[in-house]
Amino acid sequence: MSAHGTPIPMTARKSGPLTGVAEVPGDKSISHRALILGALAVGETRITGLLEGQDVLDTARAMRAFGAEVTQEGPGAWSVYGVGTGGFAEPDQVIDCGNSGTGVRLIMGAMATTPITATFTGDASLNSRPMARITDPLALFGAQAMGRAGGRLPMTIRGAESPIPVRYATPVPSAQVKSAVLLAGLNAPGETVVIEREATRDHSERMLAGFGATVRTEQSDEGRVITLTGQPELKPQTIAVPRDPSSAAFPVCAALITEGSDVLVPNIGLNPTRAGLFTTLREMGADLTYVNEREEGGEPVADLRARYSPDMRGIEVPPERAASMIDEYPILSVIAANATGRTDMPGVRELRVKESDRIDAMAVGLRACGITVEEGEDWWAVEGRGPGGVPGGARCASRLDHRIAMSFLILGLSTREAVSIDDGGPVATSFPIFERLMGDLGAKLERDGA
Ligand SMILES: O=C(O)C1=C[C@@H](OP(=O)(O)O)[C@@H](O)[C@H](O)C1
Ligand SMILES: C=C(OP(=O)(O)O)C(=O)O
């Protein structure tokens with residue numbers, strides 16, 4: 001059921017050509033970071049293009065609870081008066097991060113080196129996700145955590161009285177772990193070092209530098225070594241949040257599998273640590289072009305043009321690409337189902353611990369729609385039925401997971417029989433305008449009983 005209300009059952013039906021311009025919302029990862037770093041700067045940070053999805057709104061609320069002044073001034077336009085590095089106040093209420101792994105993990109890091117205590121909780125999905133990956137490195141700084149068995153929320157963190165900087169090699173490829181350690185390092189004296197074997201999204205490093213922290217990234221035999229100098233005075237910034245490539249993935253993929261489609265998705269950030277899906281789609285033979293390639297705010301940006309692509313073929317997705325498209329595997333599996341041949345997706349163990357077990361969630365629903373899916377602990381493979389070849393006709397569980405909900409709705413736009421989901425409510429966590437945006441392109445999406 002939906003985290004923030006009663007379930008919203010929805011159905012997607014075979015649609016005619018999808019056409020037009022899809023203006024997707026701001027980047028979720030960058031929106032969380034803009035609010036958190038704004039709250040740790042001294043003075044006013046102004047943000048435009050902020051994603052006003054539930055995940056980010058929950059982070060805004062949390063920043064207020066830690067003492068920052070956070071105000072919405074217009075659509076996507078926000079002002080944050082920060083309290084300075086180490087200036088967080090002790091919240092007098094439980095911090096509810098809703099459905100957001102990024103929100104709770106980054107905020108835990110940001111408060112862990114300040115001598116305050118905070119208790120965190122979330123919805124049923126978030127409260128089942130692993131947190132030891134965060135509290136283990138935070139303990140090295142001197143923070144203490146007490147949570148449910150298995151390192152689950154609800155959890156109380158007592159921040160370190162006299163934090164010490166750490167050197168930490170992340171055991172899993174995770175930008176959330178890396179970012180939590182860097183944010184904790186902000187209030188530790190000396191240099192905090194994070195080492196990651198595989199490159200994960202680097203928005204924290206970029207934004208910390210933008211706020212005036214000293215951060216350097218070097219490539220070594222161990223992988224990427226990121227060094228942050230602690231206790232900087234963060235200077236408030238003006239931030240224009242780019243549009244989210246993970247949200248762009250949905251209209252792009254919808255156009256690729258829906259006959260006759262031609263959709264433009266403008267201003268999408270193509271940071272190499274995020275753009276793996278688009279590379280993969282092009283390798284599969286998708287008619288996806290980058291129009292008007294340029295740089296904005298130090299990030300590569302382009303308009304994406306996606307056209308119906310009946311000639312897509314299955315491929316093996318290189319495992320070293322996984323981190324750069326980790327949230328896009330559910331929608332990639334929908335493309336794979338419509339391609340010719342088999343798509344192998346190795347090296348994706350992390351998919352098992354997202355808002356849902358995303359391999360299982362997609363495998364169960366795809367099989368119900370007539371697709372053969374094989375899986376192991378850290379891999380899965382989808383046998384394509386070719387363009388227009390997916391039977392559909394099933395009701396799929398979205399499991400409190402926005403990406404699962406949206407992926408099945410996109411699948412249903414080209415299946416022979418309609419595809420339903422039990423709850424479209426989670427979509428609002430990352431893509432609150434999804435239904436309207438897809439409807440405007442011509443997608444036949446409806447709320448059941450409406
Ligand atoms: O740092 C971030 O903003 C995110 C990192 C990724 O999670 P992991 O760090 O768990 O891989 C990703 O799945 C999530 O949607 C956003
Ligand atoms: C995994 C995701 O988010 P989070 O970890 O922030 O809940 C996602 O948005 O796909």
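The values are calculated or read from the model by the stated rules, or taken from the named source; none is laboratory data. Computed from a predicted model, the values in this text were never measured in an experiment. We place every Cβ from the backbone using ideal geometry, glycine too, and count neighbours over all the protein chains shown.
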With respect to Val21, is the statement that it is closer than 18 Å to Val241 by Cβ and either away from ligand 2 (no atom under 16 Å from the Cβ) or free of Cβ contacts under 8 Å to residues at least 60 places away in the same chain (or both) true?
no
Pairs with Cβ under 9 Å, 6+ apart, first in the stretch 276-288 and assigned by TED's automatic domain parsing to the domain that holds Met345, second among the aromatic types (Phe, Trp, Tyr) and crowded, with 23+ Cβ neighbours inside 10 Å:
Leu277/Tyr329; Ala286/Phe278; Leu288/Phe278
Identify, from the list Leu18, Leu35, the residue that is crowded, with 17+ Cβ neighbours inside 10 Å and more than 23 Å from the chain's Cα centre (by Cα).
Leu18
Among the residues of the stretch 205-232, write down those that are of a type in the set (Ser, Thr, Tyr) and either assigned to a loop (DSSP other than H, G, I, E, B) or crowded, with 22+ Cβ neighbours inside 10 Å (or both).
Thr214
In the stretch 302-320, what count of residues is obtained for those that are part of a helix (DSSP H, G or I) and closer than 16 Å to Ala381 by Cα?
1
3 or more residues buried (at least 19 other Cβ atoms within 10 Å of the Cβ) and under 26 Å from the mean Cα position of the chain (by Cα): qualifying strands (runs of 3 or more DSSP E) within the stretch 121-171:
152-158
Looking only at residues that are in a loop (DSSP other than H, G, I, E, B) and either at pLDDT 95 or above or of a type in the set (Phe, Trp, Tyr) (or both) in the stretch 1-15, which one is surrounded by the fewest Cβ atoms within 10 Å (Cβ to Cβ)?
Pro7
It is to be established whether one or more residues within the stretch 42-51 are within 16 Å of ligand 2 (Cβ to nearest atom), surrounded by 24 or more Cβ atoms within 10 Å (Cβ to Cβ) and not basic (Lys, Arg).
yes
What single numbered condition from (1) touching a Lys or Arg at 6+ places or on another chain (Cβ under 9 Å); (2) closer than 21 Å to Phe88 by Cα fails to hold for Ala175?
(2)
Residue count, the stretch 20-29, condition within 16 Å of ligand 1 (Cβ to nearest atom) and touching a Gly at 6+ places or on another chain (Cβ under 8 Å), comes to 4
Lys235, sole failed condition from (1) surrounded by fewer than 24 Cβ atoms within 10 Å (Cβ to Cβ); (2) of a type outside the set (A, V, I, L, M); (3) in the same structural domain as Leu437 (by TED's automatic domain parsing):
(3)
Picking from Glu375, Glu350, which residue would you name as being more than 25 Å from Glu417 (Cβ to Cβ), in the same structural domain as Thr429 (by TED's automatic domain parsing) and not hydrophobic (A, V, I, L, M, F, W, C)?
Glu350
Failed condition for Glu196, given (1) under 25 Å from the mean Cα position of the chain (by Cα); (2) under 30 Å from Gly43 (Cα atoms); (3) surrounded by 14 or more Cβ atoms within 10 Å (Cβ to Cβ)
(2)
When the stretch 153-171 is checked residue by residue, the ones that are touching a Pro at 6+ places or on another chain (Cβ under 9 Å) and within 15 Å of ligand 1 (Cβ to nearest atom) are Tyr168, Thr170
Boolean, Gly185 is touching a residue at least 60 places away in the same chain (Cβ under 8 Å), crowded, with 17+ Cβ neighbours inside 10 Å, touching a strand residue (DSSP E or B) at 6+ places or on another chain (Cβ under 6 Å) and not assigned by TED's automatic domain parsing to the domain that holds Met325
yes
Cβ-Cβ under 6 Å, sequence separation 6+ or interchain: first residue in the stretch 430-448 and closer than 25 Å to Thr59 by Cα and in the same structural domain as Gly412 (by TED's automatic domain parsing), partner assigned to a loop (DSSP other than H, G, I, E, B) and within 16 Å of ligand 1 (Cβ to nearest atom). Which pairs?
Ser430/Gly53; Pro432/Gly53
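Looking at this structure, is Pro300 within 15 Å of Asn271 (Cα to Cα), without any contact (Cβ under 8 Å) to a residue 60 or more places away in the chain and surrounded by 15 or more Cβ atoms within 10 Å (Cβ to Cβ)?
Yes.
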